[in-house]
1. Among the numbered criteria (1) of a type in the set (A, V, I, L, M); (2) within 14 Å of chain B (Cβ to nearest Cβ); (3) within 11 Å of A:Val137 (Cβ to Cβ), which one does A:Val45 miss?
2. Give the residues of segment B:7-17 that are without any contact (Cβ under 8 Å) to a residue 40 or more places away in the chain and under 14 Å from the mean Cα position of the chain (by Cα), sorted by residue number.
3. Residues that are of a type outside the set (Phe, Trp, Tyr), more than 7 Å from chain A (Cβ to nearest Cβ) and within 19 Å of A:Phe154 (Cβ to Cβ): list the strands (runs of 3 or more DSSP E) wholly contained in segment B:40-120 that include at least 3 such residues.
4. Suppose we filter A:Ala51, A:Ala101, A:Ala40, A:Ala76 for residues that are over 25 Å from B:Phe107 (Cβ atoms), free of Cβ contacts under 8 Å to residues at least 40 places away in the same chain and within 14 Å of ligand 1 (Cβ to nearest atom); which single one remains?
5. Confirm whether A:Lys149 is crowded, with 24+ Cβ neighbours inside 10 Å and of a type in the set (Lys, Arg).
6. How many residues does segment B:8-24 hold that are more than 9 Å from chain A (Cβ to nearest Cβ), surrounded by 15 or more Cβ atoms within 10 Å (Cβ to Cβ) and in contact with a helix residue (DSSP H, G or I) (Cβ under 8 Å, 6 or more places away or on another chain)?
7. Within segment B:26-44, restricting attention to residues that are of a type outside the set (A, V, I, L, M) and at pLDDT below 95, which residue is surrounded by the fewest Cβ atoms within 10 Å (Cβ to Cβ)?
8. Does A:Arg78 count as surrounded by fewer than 21 Cβ atoms within 10 Å (Cβ to Cβ), away from chain B (no Cβ under 14 Å), part of a loop (DSSP other than H, G, I, E, B) and out of contact with any Asp or Glu (no Cβ under 9 Å at 6 or more places or on another chain)?
Amino acid sequence: MKIPVVKNILSANDQIAADNRATFDELGVFVVNVMASPGAGKTSVILATTARLPSDVRPGVIEGDLASRIDADTIAARNIPVVQINTGSGCHLDAPMIRAALPQLPLQDIDLLFVENVGNLVCPAEFKLGANLAVVVASAPEGHDKSYKYPGMFAAADAVILNKADLLQVFEFDVDYFRRGIEMVNPDAPFFPISCRTGAGMDAWLAWLLEKRQSFAEDRNQSIVV
Amino acid sequence: MHELPVTEGILKTVIETSERNGARRITAINLVIGELSSIVDDSIQFYFDLLSQGTLAENAALHFRREPTIVICLDCAHRFNATAPLESQCPQCGGAHLQVKGSRDFFIESIEVEDEDTGR
Ligand SMILES: Nc1nc2c(ncn2[C@@H]2O[C@H](COP(=O)(O)OP(=O)(O)O)[C@@H](O)[C@H]2O)c(=O)[nH]1
Ligand SMILES: [Mg+2]
Ligand SMILES: [Zn+2]
Ligand SMILES: [Zn+2]
């Protein structure tokens, strides 16, 4: 006898992601899931972004990269509320890990929460956390073929940041070629070349991010859970 | 990479489903995996063999149906299957305007079970 199931295998995770999102929505916290390879600049992008936020947008960070407190300490030194998730050998964050971390954050005092995912361009894209946006950070030293090698990750992005733009020439990084790879799988994703080192490109990225947050605040039903 | 928790999820779902249907034994599990998903069939099989021991699903056959990633050339309309790393040019016209219609789906389509009373 054949029994139809038609159930997403990650539906248990998706359910908890939806619960997380309900918590965030209730408290008016806008959440960004930041995914990238190790060293692409996730922590740097988060810090450079929080440093430029208007004073009425209070940041917070969930730090999921590596089983160390180095990044979390850097963030805490800036007086930003941060909680470190130690994933051990885990290759991605999942919704239950976020759920477990929430009691350690002063969510009432946070308007914009960044989640730094585990440095990995493969599986973090498949595990929803309950965020409003998924942002993928690539960087010049990684090479312009990343978008062709990891199409699943780039397909999942609401926006792609190309960090370390100050190094584009050094690494002979062909931006158009890289972009075409993204467009193949995700033609609508906005693309932001930036440099955390020089601050170049930060304004455009920040404007987009704040606009997304604003439009979410005006219509909470519109966004999907990522 | 993370196939252990994924396999646990599959087992939980199929066992719950078959218990609800009064099944005695699961003989097959039909999975659909989009080619753009990161799931590795062999790892699922490995964990499944381990975890299913002593459950309704022991010795069930895992059938993986891979949904292909299709690339469409916007210049000449040529369509071809692809896996990562993706091609950057159309093999037919050399054009660089390509669109991927791929799926990252990953779901249990159905299970096949033996009935409680009939044994079939
Ligand atoms: N040249 C340059 N280096 C950068 C830039 N952003 C980050 N880095 C460096 O890249 C390294 C990894 O950055 P980090 O933010 O820790 O990456 P993460 O592992 O993705 O969190 C650090 O040494 C940073 O100083 C940038 O825009 N330009
Ligand atoms: Mg980091
Ligand atoms: Zn993983
Ligand atoms: Zn063509």
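The values are calculated or read from the model by the stated rules, or taken from the named source; none is laboratory data. Note that the structure is a prediction, hence the values are computed from the model and not measured. Here the Cβ positions follow ideal geometry from the backbone for every residue, glycine too, while neighbour counts run over all protein chains shown.
1. Exception for A:Val45: condition (2).
2. First pass over segment B:7-17, keeping only residues without any contact (Cβ under 8 Å) to a residue 40 or more places away in the chain: B:9, B:12, B:16.
Scanning segment B:7-17 gives a single hit, B:Gly9.
3. On the way: elements: B:61-67, B:69-73, B:79-82, B:98-101, B:106-115.
Output list reads B:69-73.
4. Numbers: A:Ala101 fails: within 14 Å of ligand 1 (Cβ to nearest atom); A:Ala40 fails: free of Cβ contacts under 8 Å to residues at least 40 places away in the same chain; A:Ala76 fails: within 14 Å of ligand 1 (Cβ to nearest atom).
One residue alone meets the criteria, A:Ala51.
5. Working: crowded, with 24+ Cβ neighbours inside 10 Å: no; of a type in the set (Lys, Arg): yes.
Taking the combined requirement at face value, the residue does not satisfy it.
6. The total comes to 1.
7. B:Asp42
8. yes
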